[in-house]
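The values are calculated or read from the model by the stated rules, or taken from the named source; none is laboratory data. Note that the structure is predicted; figures quoted are calculated from it, not measured. Cβ sites come from the backbone with ideal geometry, for glycine too, and all protein chains shown count toward neighbours. What goes into the accessible areas is simple: the full protein's heavy atoms, side chains included, and nothing from ligands, DNA or RNA. Shrake-Rupley method; radii C 1.70, N 1.55, O 1.52, S 1.80 Å.
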Amino acid sequence: MELSAVDLSPIPAGGTAADAFANTVEAAKQAERLGYSRFWVAEHHGRAERLAGTTPEVLLGRLAAATEEIRIGSGAVLLNHYSPFKVAEAFGTLDGLAPGRVDAGLGRANGSPAADRALGTERRVENPNEDHEERIRAVVNHLYDAYPDGHPYADLSVPRSGAAPPAPWVLGSSPASGEIAGALGLPYCFAGFIRPGFAERAVDAYREAFEPGALPASLDAPRGMLAINAVAADTDEAAARRRAPAEAVYRRMQRGDLGDGTPSVEEAIDELGATPDPTPASLDADEWPRSVSGSPETIASVLTQLADRIGVDEVMVQHTAPDHDDALASHALLAEAVGLDSQN
């Protein structure tokens, strides 16, 4: 199994965005040493008191300088907010900084009405799926210089390294996003930490819609990846404690009140009323947890089960561990669990 990570740059307790970004850089360098395949950074708006990751195209420039081999990318850049040409320029520039190892993870999401207004985003689009597909198609055509002669954009260009252009990925949490990825022949990452119950339907829709050669970046065959909130510790019980903040944040989201910051383990357990039950090593056939935890043996079993259900061989882990040292320890145990080839 290939293992990758996505980092939201959480603000540490008593810290600032500078501390959050320093932690992200350290996590990326560790992921490279541990043998992770790729390291992505996220885009969230209007939550700067909790999450510093608002602008992946900027943060990736720092990660390009801090790493040498690991693929780096966005998980995701929210394409509904931006001009496809500007996104392509940003990722072409990143390719110049990290030649041949940039992933352009393309997604969509609306934030609060105030954040969307500040971003100049139209919240009501007549055909949102068609609009999103066309925006992805435009980014790829700009990145691969694929507009034909006579097209209004044929003479536009973006920076290039001379190596392989940034690899576009479609990110989503619904069958609609799977269909879009398939119709464009692009790789697809399903966000299991958002709507885990849609995983099988979304990936089935992706494979059924897959059209090789639809774009210059299209694959010959479908390629999927599962992203899930996962955390590891030495024992199942210790890992369940580390999972408590993720469970508490989800409860807050259900209430519509995210609070002022990510709760500590102790605060999360207090909010939940108890430590979460450990994730069982064997899941029920129809069980799709939003977040999972465990010892290396348990987490390896769980991730393998979930990946096998949808037929993918790469898992991307997201975590909300508020303590940076706990997060690094978890990443190391996850790498051990799936047998990554560490450079240590």
For segment 138-213 and segment 20-57, write down the distance between their C-alpha centroids in whole Å.
22
First measure r as the distance between the Cβ atoms of V125 and E266, then evaluate 1/(1 + (r/R0)^6) with R0 = 45 Å and state the FRET efficiency to the nearest 0.05.
0.55
What residue among E126, E200, E266 has the largest mean-square fluctuation in a Gaussian network model of the chain, using Cα springs under 10 Å?
E126
Quick check on segment 270-344: take the gyration tensor over C-alpha atoms, sort the square-rooted eigenvalues as a ≥ b ≥ c, and tell me if it's rounded (a/c under 1.5), prolate or oblate.
oblate
Hey, what angle do you get for helix 199-209 against the long axis of the chain, alpha-carbon based, 0 to 90 degrees rounded to 10?
20
Highest average packing first - 105-118, 76-89, Cβ atoms within 10 Å:
76-89, 105-118
Convex hull volume of the Cα atoms in the chain, per residue, in Å³?
133
Among G75, G311, G15, which one moves the most in a GNM of the chain with springs linking Cα atoms closer than 10 Å?
G15
Report, in degrees rounded to the nearest 10, the 0 to 90 angle that the Cα long axis of helix 17-34 makes with the longest principal axis of the chain.
90
Mind listing the phi-derived Karplus ³J(HN,Hα) values for segment 292-299, rounded to whole Hz, using 6.51, -1.76 and 1.60 with θ = phi - 60°, and x for any glycine or proline?
9, 8, x, 5, x, 5, 5, 5
Overall form of segment 1-108 per C-alpha gyration tensor (a/c, 1.5; a/b vs b/c):
oblate
With every protein chain kept in place and ligands, DNA and RNA left out, what is the accessible area per residue of segment 125-185? Probe 1.4 Å, answer in Å².
47
In degrees from 0 to 90, rounded to the nearest 10, what is the angle of the helix 175-184 Cα long axis to the longest principal axis of the chain?
40
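Roll a 1.4 angstrom probe over the protein heavy atoms and tell me the percent of accessible area of segment 13-117 that is carbon or sulfur.
About 53 percent, which is the carbon plus sulfur part of the accessible surface.
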Size-normalised alpha-carbon gyration radius of segment 64-155, reference 2.2 N^0.38 Å:
1.21
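Just subtract the alpha-carbon distance of V58 and A118 from 0.36 nm times their residue separation and send over the number in nm, one decimal.
Working: separation 60, 0.36 × 60 = 21.60 nm, distance 1.89 nm.
My answer for the length gained is 19.7 nm.
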Which order do H331, H151, H319 take by accessible area at a 1.4 Å probe, largest first?
H151, H319, H331
Largest fluctuation, G150, G273, G182 only, Gaussian network model of the chain with Cα springs under 10 angstrom, belongs to G150
In Å², rounded to a whole number, the accessible area per residue of segment 209-312 with probe 1.4 Å is 46
Provide the per-residue ³J(HN,Hα) series for segment 130-147, in order, calculated from phi with Karplus coefficients 6.51, -1.76, 1.60 and θ = phi - 60°, each as a whole number of Hz, with x at glycine and proline positions.
5, 4, 5, 4, 5, 5, 5, 4, 5, 4, 5, 4, 5, 5, 9, 6, 10, 6
Computed accessible area, T304, all protein chains, 1.4 angstrom probe, square angstrom:
60
Semi-axes of the equivalent ellipsoid for segment 133-174, please: Cα gyration tensor eigenvalues, times 5, square-rooted, ordered largest first, whole Å.
21, 15, 6
Step by step: find N for segment 1-61, compute 2.2 N^0.38 Å, then divide the Cα radius of gyration by it. What's the final number?
1.12
Cα gyration tensor shape of segment 35-88, rounded if a/c is under 1.5, else prolate or oblate by comparing a/b with b/c
oblate
